[in-house]
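Encoded as structure tokens, the structure appears first; notes follow it.
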Amino acid sequence: MRFTKPLALAAALAAAAGPVLAGGFAPVVPVEPPTVVVEPPPAPRSTWGVVLPIVLLGGLIALAVANDSDSEDDTPAE
């Protein structure tokens with residue numbers, strides 16, 4: 001029974017000293033969040049800028065050809 005008190009004191013000191021030495025002697029390095037660069041997506045390309053005028057031009061040409069007044073069917077019957 002003679003070593004019970006010193007043994008309990010040593011165990012208590014060892015348990016208390018564990019967290020003290022856990023960090024070591026190195027300086028604390030602050031952790032910075034990673035820098036995230038968000039780039040906007042490229043603008044979508046449209047083919048309607050080329051196709052639409054060509055289709056309209058073709059429609060106007062077809063309309064001009066269809067309204068030809070030189071045909072013989074338009075003459076009134078006598």
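Listed values, structure above:
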quantity: Region 3-69: C-alpha pair distances exceeding 16 Å, %; calculated: 78 percent
quantity: Ranking of T35, T4 by count of other Cβ atoms within 10 Å, fewest first; calculated: T35, T4
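We did not get these values from a lab; they are worked out from the coordinates using the rules stated. These numbers come from a predicted model, not from an experiment. Cβ coordinates were reconstructed from backbone atoms using ideal geometry, including for glycine residues, and neighbour counts include every protein chain displayed.
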